[in-house]
1. Suppose R0 equals 30 Å; then what is the FRET efficiency for residue 70 and residue 14 from their Cβ-Cβ distance, rounded to the nearest 0.05?
2. Assuming a ≥ b ≥ c are the square roots of the Cα gyration tensor eigenvalues, decide whether the chain counts as rounded (a/c under 1.5), prolate (otherwise, with a/b larger than b/c) or oblate.
3. Over the chain, what relative contact order in percent results from Cα pairs under 8 Å that are six or more residues apart?
4. With every protein chain left in place, what is the accessible area of residue 83 in Å² (1.4 Å probe, nearest 10)?
5. For helix 2-24, report the angle its Cα long axis makes with the longest principal axis of the Cα atoms of the chain; keep it between 0 and 90° and round to the nearest 10°.
6. Run the numbers for residue 62 and residue 4: contour at 0.36 nm per residue of separation, minus the present Cα-Cα distance, in nm.
7. For the chain, with all protein chains present and a 1.4 Å probe, just round the carbon and sulfur fraction of the accessible area to a whole percent.
8. Compute the long axis of helix 58-85 from its Cα atoms, compare it with the longest principal axis of the Cα atoms of the chain, and write down the angle in degrees, 0 to 90, nearest 10.
Amino acid sequence: MRIVCGLFAALYLCALGILAIGTFGLFGQEQDPLAGAFLLPIGMPWIAIADRTGMQGALVVILAPLVNLALLMATCRLLGRARRSLPAGDRP
């Protein structure tokens with residue numbers, strides 16, 4: 001489960017990097033209005049919920065994946081606690 005959290009965090013950082021490069025035209029890249037498109041799939045369903053409630057803007061798209069990352073990390077910790085609470089013979 002830690003691998004999944006790490007991969008998700010890496011994807012999020014890459015998507016933020018692509019957003020910064022495309023938005024500000026860094027490294028000779030042309031400015032691209034669709035640079036944040038990679039944040040959309042990793043921010044679902046929170047982006048859809050925010051859209052339905054009327055919340056708009058780039059900040060919603062940038063912060064929505066953090067909610068998913070927080071949920072993944074919380075799940076990882078809960079599973080780790082559950083595994084540690086099992087008797088030694090019952091651990092997978």
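1. That pair, residue 70 with residue 14, gives E of 0.95.
2. Taking the square roots of the gyration eigenvalues as a ≥ b ≥ c, the chain is oblate.
3. Computed over the chain, the figure is 25 percent.
4. 140
5. So the helix axis and the longest Cα principal axis differ by about 10 degrees.
6. Extra length from residue 62 to residue 4 when fully extended: 18.9 nm.
7. Carbon and sulfur atoms account for 69 percent of the accessible area of the chain.
8. Orientation of helix 58-85: about 10 degrees from the principal axis.
The values are calculated or read from the model by the stated rules, or taken from the named source; none is laboratory data. What you see is a predicted model, and the numbers here were worked out from it, not measured in a lab. So basically every Cβ, Gly included, is an ideal-geometry build from the backbone, and we count neighbours across all protein chains shown. The protein model used for the area step is the full one, side chains on, heavy atoms only, and it has no ligands, DNA or RNA in it. Shrake-Rupley method; radii C 1.70, N 1.55, O 1.52, S 1.80 Å.
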